[in-house]
1. I want the antiparallel fraction of DSSP beta bridges within the stretch 94-239, as a percent rounded to 5.
2. What is the distance, in nm, between label points placed 7 Å from the Cα along the Cα-to-Cβ direction at residue 214 and at residue 151?
3. At 222 nm, what helix-only mean residue ellipticity would the chain give, in deg cm²/dmol to the nearest 500, using -39500 (n - 2.57) for each DSSP H run of four or more?
4. Expressed as a whole number of Å, what is the distance separating the alpha-carbon centroids of the stretch 160-196 and the stretch 223-244?
5. Which of the peptides 83-93, 121-131 is most tightly packed, and how do the rest follow, going by the mean number of other Cβ atoms within 10 Å of each residue?
6. Under a plain spin-label model, where a point goes 7 Å from the Cα along Cα-to-Cβ, how far apart in nm are residue 45 and residue 204?
7. Assigning unit charges at the beta carbon (Lys, Arg +1; Asp, Glu -1) and nothing else, what dipole magnitude in debye, to the nearest 20, does the stretch 1-133 show about its Cα centre?
8. Arranged from highest to lowest average of other beta-carbon atoms within 10 Å per residue, in what order do the peptides 184-197, 227-240 appear?
Amino acid sequence: MIIIPAIDLRGGRCVRLVQGRANDATVYDADPVETARDFAASGAELLHIVDLDAAFGVADSGNAAVIERIVGEVQIPVEVGGGMRSIEAVRRMIERGASYAIVGTLAVREPETLAKLVAEFGAKIVVGIDARDGQVMTHGWETGGGIAATELAARVARVGVERIIYTDVACDGMLAGVNLEQTASVARAARVRVTASGGTGSLADVKRLVEFELMMRGDVGVGRVDSVIVGKALYENRFTLAEALAVAKGEEK
């Protein structure tokens with residue numbers, strides 16, 4: 001199980017939303033670039049960054065400059081999402097050094113464009129599927145996508161997407177645990193690697209994910225939930241990244 005720490009940005013600052021609501025954000029004092037350095041120094045293998053302003057259609061918020069600094073200063077891969085709804089936006093992010101570009105709304109609205117991106121960038125294209133009650137949400141979680149999460153997962157896998165980030169919007173920011181059942185359904189539908197997102201609030205939640213991943217290894221012919229994005233729990237000191245990594249490796253005391 002790979003633990004992926006998250007940095008969500010609004011106005012160049014670290015924030016966390018509750019259930020994806022733009023008007024329900026907690027702003028943290030942590031400097032995003034220093035936070036990224038700390039995560040890398042603590043042993044993170046991958047860093048997850050979301051430009052929430054771009055996701056909500058806000059331009060020139062300062063986030064792009066922060067993301068560029070982070071990508072330039074940490075020595076681990078960085079995946080970036082938020083508001084990339086064109087080939088040009090994705091290409092620009094990858095040219096700036098992002099290891100992976102996360103697309104969501106584009107995958108729903110423009111499947112042909114997604115196919116072109118996968119053809120050009122391969123595994124660098126990751127699809128973020130955000131859902132409420134199993135139905136996809138788009139445009140910063142504000143609009144229903146008119147498609148089930150499992151259906152979209154199967155569709156993007158058919159064009160060659162190798163990894164999906166699945167977020168249950170109702171769980172996000174609630175610190176009550178990941179929706180394992182729905183996450184597994186997405187993995188089974190897509191038969192690709194899936195990153196769980198939204199809800200991890202304790203080391204017990206991390207341990208449940210580790211056990212769940214081991215269980216899914218025996219499920220022949222389906223995808224695996226092999227990683228989890230953790231954000232709010234780290235910022236609110238529910239546990240440290242080092243502690244989560246130890247649980248993921250079976251090294252906890």
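Each value in this text was obtained by applying a stated rule to the coordinates, not by laboratory testing. Predicted, not measured: the structure shown is a model, and the values here were computed from it. Reconstructed Cβ throughout: ideal geometry from the backbone, glycine too, with neighbour counts over all protein chains shown.
1. 25
2. The answer from the label model is 3.7 nm.
3. Details: 11 runs with 97 residues, N = 253.
Only helices count here, giving -10500 deg cm²/dmol.
4. Spelled out, the Cα-based centre of one part sits 14 Å from the other.
5. Numbers: 83-93: 18.5, 121-131: 21.6.
Top to bottom by mean Cβ count within 10 Å: 121-131, 83-93.
6. Label-label distance for residue 45 and residue 204, simple model: 2.7 nm.
7. Values: 14 positive and 20 negative charges, 44 e Å.
Value, rounded to 20: 200 debye.
8. On the way: 184-197: 22.8, 227-240: 20.0.
Most protected by this proxy first, the peptides run 184-197, 227-240.
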